[in-house]
1. Please enumerate the residues belonging to region 343-367 that are crowded, with 18+ Cβ neighbours inside 10 Å and touching a His at 6+ places or on another chain (Cβ under 8 Å).
2. Working carefully through the options Asn370, Asn401, Asn376, find the one that is surrounded by fewer than 20 Cβ atoms within 10 Å (Cβ to Cβ) and part of a strand (DSSP E or B).
3. Starting from region 106-124, take each residue that is farther than 23 Å from Ser61 by Cβ and list its partners that are among the aromatic types (Phe, Trp, Tyr) and part of a strand (DSSP E or B), counting only C-beta distances under 7 angstrom and pairs at least six apart or across chains.
4. How many of the residues making up region 262-293 are surrounded by fewer than 22 Cβ atoms within 10 Å (Cβ to Cβ) and either within 18 Å of His347 (Cβ to Cβ) or in contact with a strand residue (DSSP E or B) (Cβ under 7 Å, 6 or more places away or on another chain) (or both)?
5. Please count how many residues of region 276-331 are aromatic (Phe, Trp, Tyr), under 25 Å from Ser101 (Cβ atoms) and touching a Ser or Thr at 6+ places or on another chain (Cβ under 9 Å).
6. Of everything in region 306-331, what is buried (at least 24 other Cβ atoms within 10 Å of the Cβ), not in a strand (DSSP E or B) and not hydrophobic (A, V, I, L, M, F, W, C)? Give them in sequence order.
7. For region 115-161: of the residues being over 20 Å from the mean Cα position of the chain (by Cα), small (Gly, Ala, Ser) and part of a loop (DSSP other than H, G, I, E, B), which is farthest from Glu80 (Cα to Cα)?
8. Within region 329-351, restricting attention to residues that are aliphatic (A, V, I, L, M) and out of contact with any Leu (no Cβ under 7 Å at 6 or more places or on another chain), which residue is nearest to Trp382 (Cα to Cα)?
Amino acid sequence: MRRGAGWRQVTRWRPAVGRLAGGGLAVAAALVFLALPAVEAAVVGGRAGAAPAGATASGSSVLAWGVNNAGQLGDGTTTERLAPVKVSLPQGVTVTSVRTSCAHTLAVTSTGQVLAWGDNQFGQLGDGTTSSSDLPVQVSLPPGTTAAAVRPGCVNSFALTSTGRVLAWGYNKEGELGDGTTVNSDVPVPVMLPPGTVVRVISAGATHTLALTSTGQVLAWGINVSGQLGDGTTTTSGTPVQTQIPPGVTVTAVAAGGEFAGGEHSLALTSAGLVLAWGDNIAGELGDGSTTDRHVPVFAHLPQGAKIRGLFGGCFHTLALTTTGQVLAWGDNQRGQLGDGTTIERHLPVRVAIPSGTTVTAITAGCDHNLAATSNGRVLAWGIANDGELGTGTQPPIRKNPVQVKLPSGVTVTSLGLGSEAFSSFAIVKKAQ
């Protein structure tokens, strides 16, 4: 069902979660509630067409702003922030990438460990407890394991290891962790990949996950009510199934979008710079000119000659970065998230109104807002701004055109961090040279 009045409250407040018939979600009251890679690319054995992976230099810091009701900003408070504040990282720890979702955040450190903070009612912080934390805690990775990438779902979490395995933890009542069970886990467990599978890229939507393997297959697991697994069915799967990529097409990266209480969609970037899309399409987020859900991948209708190098899915919209530095967007636009100066829903890609003379180097999408890094180390933001998501220091309802995030003076951005259902924002910055 399409979002209606009160949608934002439902999205942010959901500790007791249940499923409705057909894969929908019921929510009870109480609190629960990305990495400059422009695509959902991981870092095992190559970059899969991604923008720079966001490695940080000595003296870098992580900034956060926006919604903080569960401590997801990691600054030791639950105070909403209209402008960037520092995440309270453990002394001596360097974070190389960060991602956030509904109400918890994950980060990879320079030593391959994973930190987590925010809501933890389902064990999504992975520290062996269900106690929430407004400061980073260390995820209990298996001994000897190092992480290459992390992706938070709405109430669960995923990590890609340096050896190409996938670990999962948190909510699992319909097999969202992909481990073949329906048991929640407060520590990481292995996803049940086919024997011999090595994963290069992962991406997590609210309740489904995508993985790109070393052989070019796309695997998917979790809720499938809108066909977001791309296997031609709407059957939910607690173990990975193969997405039906068209013959002869080579996928280089994947991105999952969608909203916890609604539909979800999936995206893939091809070696030819084209976009495949499947799953929920109620707002035209697949970009094929229709609002028809697709249970197998179809091509988005890009402008003639456009080639994509960066791809992100929001709740009901899609964001893409072209090889020439243009930013395209399509889907829901009620809150200005397409950045084209309107609130008109678009079923085909339109150009984001990036300021003249600005070069965009990377993009990332939240639920209803987006961030873009520029070549001069700044950050642009657009979309909903009710709770400080845009980091401008003010609180207008929406911004239909990109505006500049109020970064501290003397810093440049090296990495951005959002997630498909994020209402908070993150940036890794370093002192300007």
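The values are calculated or read from the model by the stated rules, or taken from the named source; none is laboratory data. Just so it is clear, the model here is predicted, and its values are computed rather than measured. Ideal geometry is used to build each Cβ from the backbone, glycine not excepted, and the neighbour counts take in all protein chains shown.
1. Pro349, Ala365
2. Details: Asn370 fails: surrounded by fewer than 20 Cβ atoms within 10 Å (Cβ to Cβ); Asn376 fails: part of a strand (DSSP E or B).
Within the list Asn370, Asn401, Asn376, the selection yields Asn401.
3. Note: pairs meeting the criteria are Gly123/Trp169; Gln124/Trp169.
4. Initial filter on region 262-293 (surrounded by fewer than 22 Cβ atoms within 10 Å (Cβ to Cβ)): 270-274, 282, 288-293.
Retained after the next criterion (residues that are either within 18 Å of His347 (Cβ to Cβ) or in contact with a strand residue (DSSP E or B) (Cβ under 7 Å, 6 or more places away or on another chain) (or both)): 270-271, 273-274, 282, 288-293.
Residues in region 262-293 being surrounded by fewer than 22 Cβ atoms within 10 Å (Cβ to Cβ) and either within 18 Å of His347 (Cβ to Cβ) or in contact with a strand residue (DSSP E or B) (Cβ under 7 Å, 6 or more places away or on another chain) (or both): 11 in total.
5. Keep residues of region 276-331 that are aromatic (Phe, Trp, Tyr), which gives 278, 299, 312, 316, 330.
This time we only want the ones that are under 25 Å from Ser101 (Cβ atoms), so: 278, 312, 316, 330.
Filter once more, so that each one left must be touching a Ser or Thr at 6+ places or on another chain (Cβ under 9 Å): 278, 312, 330.
Total meeting the criteria: 3.
6. Matches in region 306-331: Gly314 only.
7. Applying the filter and picking the extreme gives Gly144.
8. If we filter region 329-351 for residues that are aliphatic (A, V, I, L, M), which is where we start, we get 329, 338, 344, 348, 350.
Of the ones still in play, those that are also out of contact with any Leu (no Cβ under 7 Å at 6 or more places or on another chain) are 338, 344, 348.
Numbers: Leu338: 8, Ile344: 15, Leu348: 19 Å.
Across region 329-351, the extreme among qualifying residues is Leu338.
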